[in-house]
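The values are calculated or read from the model by the stated rules, or taken from the named source; none is laboratory data. As the structure is a prediction and not an experimental result, all values here were calculated from the model. No Cβ is skipped: glycine too gets one built from the backbone with ideal geometry, and neighbour counts run over all protein chains shown.
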Amino acid sequence: MNMIGQPLDRTDGVLKVTGGAKYAAEFPAAQLAHAVLVTSTIARGRVAAIDTTRADAMPGVLLVMTSRNAPRLPNGGEPEVSPPAQRRLSLLQTDEIRYDNEPVALVVADTLERAIDAADRLRITYAPESPTLDFASAKAHGHPPASMIGGKPDTERGNIEHGFSTGSVRVNAVYTTPMEHHNPMEPHAVMASWDGPRLTLYDTTQGVGNARKAVATFLGIKPEDVHIVSPFVGGGFGCKGSVWSQVVLCAMAARQVGRPVRLALTRPQMFGPVGGRPYTEQHLVLSARKDGTLTALRHDTFSNTSTFEDWTETSGVVTRMLYEVPNLATSHRLVPLNVGTPTFMRAPGETTGSFALESAMDELAVALKMDPVALRLKNYAEIDPEERKPWSSKQLRECYRLGAERFGWSKRTAAPRSMRAGNTLIGMGMATATYPARRSEASAFARILPDGNAVVASGTQDLGTGTYTVMTQVAADALGFPLDRVSFALGDSSLPNAPVSGGSQSVASVAPAVRQAAIAARERLIATACADAGSPLHGMSTDDVTVVDGWVVARRDASRRDPAAAVIARAGGQPIEGRATAKRGEEAQRYAFHSFGAVFVEAHVDAALGTIRVPRVVGVYDVGKLLNEKTGKSQLMGGIVWGIGAALEEASELDVRYGRFVNANLAEYHVPVNADIGTIDVSVLNVPDPQFNALGARGIGEIGITGVPAAIANAVYHATGVRVRNLPITLDKVLEGGGIV
Ligand code: MOS
C-alpha cells in the first residue's frame, strides 16, 4: 500500500496531451474582449503624447487605456507592497518611462486581431532622457541592498586577512554571468472578469494566494473579493512568482469595459516587464594551504537591478555554507540600470553563485595539482559552517562517490588537453550542487465523499512539475485509498492557503499538510465505522482498525471490513472531512536544512572549430525522500538541461545605447533543444530527512541547475586549457583563449 516514491505517471497527463487542460488564455467567457499591451520603445523619459484617434476610430475597439485616462489607483498605483513578493509595477498612473518595453498603453477590442491592429495605430511621442545602461560605468555607484533573501548582504567570519596570510596558494578571479529572461512555454496570460465588486482572474501564477493579496492591494479592494483560478501553469521558473503589471492592468480594463478581458503577453514582452536574471560580476579570492585546506575565501558580487526597485541576485549565499573555511567574507552590491526589475529565476543566487565558486574551486585544484573531488572532500563541511548548526541530513560524500563511479571519473587524466579522440578534445569536469531546503506553512483538506471517492485540496500550484500527481500519491497513501479514487484540487485561491510555488518548497510544505488532513479524515472514517452498530467493525478499538484500498478493515482480520461509502451512507450521507495546517516546529532552530548533489560532465570541443558539446552529464542528488521517482527525476533532469543552456547558450543581449534586448525571441535567445542534449544520468540517494518533515522529502525544483554551468566550464578547461569565466561559454571565447591551435 506504499505509493510514496512510486514512479507514477502524471495524473493530469491525459488531460495535457489531449488538450483538455485549460491554461489561463484558454478559458472561455461570454462577451470576451481581447487586450493588447503596448510597451515603450525608449528606456528612460516620458510619454509626451499618445494620439489615439486612429485607434479609437477602429471598429470593435472598446478601450484605449493610457496614463491620460487610466483609472486612478490607491497611492498612485504604488501602495504599501512588500517586494519581492509584490513588485513596483507600471500601471499607467504616470507618463514616466523607466525601461524599454515598459507598459504604456492597453488596447481592448472585441477581437484579438482588431486589438492588435488598433495598437499598431497608436502614435506615441516620447520625451527621451539619457538612460543608464552601461554596467561597468554604473558600477561605481553600486549600493548595498537594504535587505536580501537568504541572509545579510554582507557577512564576515573569522579574520579574512589573517586567513589569506596563512595560505600558500591563491586564486583571484572575476566571473560574470549574463542577463537572462524566463521563457516558459506559456508566456504570462490572464483573463479578468468582474461580477459587481467581485473580481475573478484566470491567471498563470506560481502563487494564487499571493496573487489574490497583491491584486487586492493594487486595486484597493478587499482580498475576499478577488478570486484567482490557475489550474494549469505552463512553466514558471520564478517569473510567475510575482504579480506583474499586466495582471492589474487587465483587471482595470475589464472593469472599464464591463466585459471579461483576456490579455496574453507576446514572447518579446517576456523580455523586460516581467523580470529576469540580472547580470552578475563576482570577484572571488580563495587561499589554501598546500594540502588543499582552505584558509580564506572572499566572494564579492555586483548585480544589476532596476532604477526603481532593489532586487538582489544572492550569489554569495552559497559560498557561506558550502565549505568548511574559517575565514570568509561575502558582499552584495546593486547597480541600478534602466531595465525592468530582475526577479527570481530558477535557483536565484545559487545558479550564478555556484558557477563562480565551483569554477574557482576548480582553478584552485589546478593550482594545487589536486583532484577536484579530493579538494572538495578536504574542505567538507560536517556542520553548517556559518550557523555552526548540524545539518538535518547531508549525504554529499556519497553523492561525490556514486557520481564519480557512475561517470567513470577515475579514467580522467589530470592534465588539460590530455584526453583526445581524433579531432575532439575531451574534457571532464565536476562541481557541487546545492540548494536550501525551504518550508512554509500550508493548509489542506481531505474529503471522503458518499460515493467512496475522495477529494483532497490545497491552494497550491502545479507549474508542470507534478504537484497534482505527487499530492494524489501522498493523499491516497495516508487515506488508505486506491489512487484512482482520489482526486486532488489546486490552483484556486478559495482553497486552503498554501505558499508560492517557488524556492523549491511546494512538496516540502504542502505534502505534510495533505498527509495530516488525509490522516484526520481516515481517523474520522474509522471512528465512524467503529461506533456504527451496522458496521462489521462495530465495537472494535480504532487502534485495531485501518483503511486499505478504500475499505475500513480490521488489522488482524481482513474479513471484517466495510467499504467507505457504506460507512458514510449509514452515518447520514455527509462527506467525512479532515483539515490540517502544517508548519515547521522548533526543529527549524536546531538544524541547517540543505539539499546537495554532485555533477560530473563530459565536454567535447572540436579541435579545429572550437564548438562545444556536452554528450554526458551524471548528477547524483541528496534531496531526502523522492516522492515520485518519475516526475522527480524528470524535474532534476530539466534543471540539468537548463544548466547546459546557461553554460553554453543563454544570454539576453542588451543594446546599451537604447536599453532594448535585441534577441527578445526564441529564434535568437538560445535555449537547448533535444539535439543539444546527450545522456543525462540522474540518481537520487533517497535518504529520508525526518527532521525536515514527516515525509522526509526536501524540494527538488531548483537544485538541478546548480553546479552544472561550473562543471561544464571546468570540463571545457580540462578539454582545452582555456578557462572561460564569462557565461555563456561560446566558441569565440575558446578561440580567443588560444584553445584551438
Ligand atoms: Mo523559483 S526561481 O523560486 O520559482
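From the list T41, T52, T111, T94, the lone residue that is crowded, with 19+ Cβ neighbours inside 10 Å, of a type in the set (S, T, N, Q), farther than 30 Å from S634 by Cβ and not assigned by TED's automatic domain parsing to the domain that holds G632 is T52.
Go through the stretch 702-741 and report how many residues are surrounded by 19 or more Cβ atoms within 10 Å (Cβ to Cβ), closer than 23 Å to R277 by Cα and in contact with a helix residue (DSSP H, G or I) (Cβ under 8 Å, 6 or more places away or on another chain). Going through the stretch 702-741 one residue at a time, the tally reaches 18.
Suppose the filter is of a type in the set (K, R), surrounded by 18 or more Cβ atoms within 10 Å (Cβ to Cβ) and touching a Ser or Thr at 6+ places or on another chain (Cβ under 6 Å); does R439 pass it? Outline the logic, then answer.
Working: of a type in the set (K, R): yes; surrounded by 18 or more Cβ atoms within 10 Å (Cβ to Cβ): yes; touching a Ser or Thr at 6+ places or on another chain (Cβ under 6 Å): yes.
Against the criterion (of a type in the set (K, R), surrounded by 18 or more Cβ atoms within 10 Å (Cβ to Cβ) and touching a Ser or Thr at 6+ places or on another chain (Cβ under 6 Å)), R439 qualifies.
Looking only at residues of the stretch 493-536 that are crowded, with 24+ Cβ neighbours inside 10 Å, outside any helix (DSSP H, G or I) and among the aliphatic types (A, V, I, L, M), we find that the one that is nearest to the ligand (Cβ to nearest atom) is V500.
Taken over the stretch 454-470, the residue count meeting the criterion of being in a helix (DSSP H, G or I) and either within 16 Å of the ligand (Cβ to nearest atom) or of a type in the set (S, T, Y) (or both) is 3. Within the stretch 537-553, the residues that satisfy the criterion of being crowded, with 18+ Cβ neighbours inside 10 Å and not β-branched (V, I, T) are L537, M540, G550, W551.
Pairs meeting the criteria (first residue in the stretch 405-431 and assigned by TED's automatic domain parsing to the domain that holds D371, second residue of a type in the set (V, I, T) and assigned to a loop (DSSP other than H, G, I, E, B), beta carbons under 7 Å, at least 6 apart or on different chains) are M419/T413.
Results for (1) closer than 21 Å to T341 by Cα; (2) within 16 Å of the ligand (Cβ to nearest atom); (3) acidic (D, E), shown as yes or no for each residue.
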residue: P144; (1), (2), (3): yes, no, no
residue: E156; (1), (2), (3): no, no, yes
residue: E161; (1), (2), (3): no, no, yes
residue: H181; (1), (2), (3): yes, yes, no
residue: A189; (1), (2), (3): yes, no, no
residue: S193; (1), (2), (3): no, no, no
residue: T204; (1), (2), (3): yes, yes, no
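For the stretch 189-208, the tally of residues that are within 16 Å of F237 (Cβ to Cβ) and out of contact with any helix residue (DSSP H, G or I) (no Cβ under 6 Å at 6 or more places or on another chain) stands at 2. Is it the case that some residue within the stretch 358-370 is part of a loop (DSSP other than H, G, I, E, B), touching a residue at least 24 places away in the same chain (Cβ under 8 Å), over 28 Å from K240 (Cα atoms) and among the acidic types (D, E)? Looking through the stretch 358-370, none of the residues is part of a loop (DSSP other than H, G, I, E, B), touching a residue at least 24 places away in the same chain (Cβ under 8 Å), over 28 Å from K240 (Cα atoms) and among the acidic types (D, E). When S440 is tested against (1) within 16 Å of the ligand (Cβ to nearest atom); (2) in a strand (DSSP E or B), just one condition goes unmet, and that condition is (2).
Would it be correct to say that S306 is in contact with a Lys or Arg (Cβ under 8 Å, 6 or more places away or on another chain), crowded, with 24+ Cβ neighbours inside 10 Å, not assigned by TED's automatic domain parsing to the domain that holds S501 and not β-branched (V, I, T)? Judged against the criteria, S306 is not a match. Out of A651, A646, A694, A675, one residue alone is without any contact (Cβ under 8 Å) to a residue 24 or more places away in the chain and either within 24 Å of H283 (Cα to Cα) or of a type in the set (G, A, S) (or both). It is A675. Scanning the stretch 53-68 for residues that are within 18 Å of M252 (Cβ to Cβ) and of a type in the set (K, R) yields a total of 1.
The sole residue among A189, A173, A216 that is surrounded by fewer than 22 Cβ atoms within 10 Å (Cβ to Cβ), within 30 Å of A667 (Cβ to Cβ) and of a type in the set (G, A, S) is A189. Just to be sure before I move on: is R725 within 24 Å of L357 (Cβ to Cβ), more than 21 Å from the chain's Cα centre (by Cα) and more than 16 Å from the ligand (Cβ to nearest atom) in the structure I sent? Against the criterion (within 24 Å of L357 (Cβ to Cβ), more than 21 Å from the chain's Cα centre (by Cα) and more than 16 Å from the ligand (Cβ to nearest atom)), R725 qualifies. Residues in the stretch 222-251 that are touching a strand residue (DSSP E or B) at 6+ places or on another chain (Cβ under 7 Å), among the aliphatic types (A, V, I, L, M) and more than 16 Å from the ligand (Cβ to nearest atom): V226, I228, V229, V247, L249, A251. Filter the stretch 550-592 down to the residues that are without any contact (Cβ under 8 Å) to a residue 60 or more places away in the chain and among the acidic types (D, E), then identify the one that is nearest to P536 (Cα to Cα). That would be D562. On the stretch given as the stretch 211-241, residues that are assigned to a helix (DSSP H, G or I), hydrophobic (A, V, I, L, M, F, W, C) and touching a residue at least 12 places away in the same chain (Cβ under 8 Å) total 5. All conditions in (1) surrounded by fewer than 22 Cβ atoms within 10 Å (Cβ to Cβ); (2) part of a helix (DSSP H, G or I); (3) among the hydroxyl-bearing types (S, T, Y) hold for Y658, with the sole exception of (2). Going residue by residue through the stretch 193-210, is there one that turns out to be small (G, A, S) and in contact with a His (Cβ under 9 Å, 6 or more places away or on another chain)? No, that holds for no residue. Of I680, I712, which residue is more than 16 Å from the ligand (Cβ to nearest atom), among the β-branched types (V, I, T) and either within 15 Å of A356 (Cα to Cα) or over 21 Å from the mean Cα position of the chain (by Cα) (or both)? Being more than 16 Å from the ligand (Cβ to nearest atom), among the β-branched types (V, I, T) and either within 15 Å of A356 (Cα to Cα) or over 21 Å from the mean Cα position of the chain (by Cα) (or both) holds for just one of I680, I712, which is I712. Which residues, taken from the stretch 446-488, are of a type outside the set (S, T, Y), within 23 Å of Y202 (Cβ to Cβ) and buried (at least 18 other Cβ atoms within 10 Å of the Cβ)? Across the stretch 446-488, the qualifying residues are V456, A457, G459, Q461, D462, L463, G464, G466, M471, F488.
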